[in-house]
Amino acid sequence: MPVHEFFRLAIRMASELAALHAHGAIHQDLRPSSVLFDAATGELALVTPPAAERRVPALSEDSLPYVSPEQTGQMNRPIDCRSDLYSLGVVFYQLLAGRLPFEAEDAVGWLHCHVARQPRPLDQVRPSLPRPLTDIVGKLLAKLPDHRYQSAPGLRHDLERCLRDWNEHGMIAAFPLGERDLSEELQKIEKALGPSLTAWQALRLST
């Protein structure tokens with residue numbers, strides 16, 4: 001997928017995921033077939049499974065290439081919005097590379113890949129991609145939830161910054177990822193205490 005088309009699609013996907021998470025739901029089965037996109041109108045919607053409301057993980061054979069490490073049951077980690085962000089990272093990788101970040105022949109192989117293997121670096125698969133973009137995808141695919149983006153709005157902010165640079169300069173300058181990235185907990189604290197609360201203040205209040 002061309003870079004400019006990817007950014008527009010990725011920003012819409014991050015926005016839809018942010019709206020879902022804002023309602024306290026987790027998708028838990030994000031994959032290409034979960035995304036309805038009309039290229040003619042630019043409209044995009046997520047197909048949300050019933051499990052999103054119940055917060056009950058459900059794995060199917062088609063889901064296995066996209067599940068997060070914590071969804072495998074092999075990690076002592078809760079499933080939260082960051083699990084969806086990992087799955088979104090797999091979708092992003094596939095859109096940009098034309099292939100999945102992992103290959104496996106059965107369920108055991110897929111679960112092992114998500115827990116223990118590192119994907120082939122995206123810039124090795126497609127060297128022409130801007131480095132900030134490959135770093136964003138790499139951050140989404142981090143094994144530990146704490147090392148990923150903590151929120152869909154934080155991801156969307158970085159994607160929008162990349163798109164502005166790309167449109168204005170035809171390139172993307174390096175920048176620190178996650179500058180506007182707050183976890184769900186910190187977002188709730190910030191919202192409760194008002195717009196003047198900084199992320200650093202919210203972090204201190206939560207600890």
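Numerical summary
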| quantity | calculated |
| --- | --- |
| Filtered residues of the stretch 163-180 (kept if surrounded by fewer than 16 Cβ atoms within 10 Å (Cβ to Cβ) and under 18 Å from the mean Cα position of the chain (by Cα)) | 176, 179, 180 |
| Qualifying residue in the stretch 23-31 (condition: within 30 Å of residue 172 (Cβ to Cβ), buried (at least 19 other Cβ atoms within 10 Å of the Cβ) and either in contact with a His (Cβ under 7 Å, 6 or more places away or on another chain) or of a type in the set (D, E, K, R) (or both)) | yes |
| Number of positions in the stretch 3-39 that are outside any helix (DSSP H, G or I) and either among the acidic types (Asp, Glu) or in contact with a helix residue (DSSP H, G or I) (Cβ under 8 Å, 6 or more places away or on another chain) (or both) | 10 |
| Evaluation of residue 52 against (1) buried (at least 18 other Cβ atoms within 10 Å of the Cβ); (2) of a type in the set (A, V, I, L, M); (3) within 30 Å of residue 171 (Cα to Cα); (4) modelled with pLDDT under 90 (one fails), failing number | (3) |
| Within the stretch 75-97, tally of residues that are farther than 20 Å from residue 181 by Cα and in contact (Cβ under 8 Å) with a residue 12 or more places away in the chain | 8 |
| Yes/no for residue 63 being surrounded by 13 or more Cβ atoms within 10 Å (Cβ to Cβ), of a type in the set (Ser, Thr, Tyr) and more than 30 Å from residue 128 (Cβ to Cβ) | yes |
| The stretch 155-187, residues that are closer than 22 Å to residue 71 by Cα and not hydrophobic (A, V, I, L, M, F, W, C) | 183, 184, 185 |
| Selection status of residue 70, touching a strand residue (DSSP E or B) at 6+ places or on another chain (Cβ under 6 Å), within 24 Å of residue 138 (Cα to Cα) and in a helix (DSSP H, G or I) | no |
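Residue by residue, here is whether (1) in contact with a Leu (Cβ under 7 Å, 6 or more places away or on another chain); (2) more than 25 Å from residue 76 (Cα to Cα); (3) in contact (Cβ under 8 Å) with a residue 60 or more places away in the chain holds:
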site	(1), (2), (3)
126	yes, yes, no
131	no, yes, no
139	yes, no, no
142	no, no, no
147	no, no, no
157	no, yes, no
161	no, yes, no
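The values are calculated or read from the model by the stated rules, or taken from the named source; none is laboratory data. These numbers come from a predicted model, not from an experiment. Don't worry about glycine lacking a Cβ; one is built from the backbone with ideal geometry, like all the others, and counts go over all protein chains shown.
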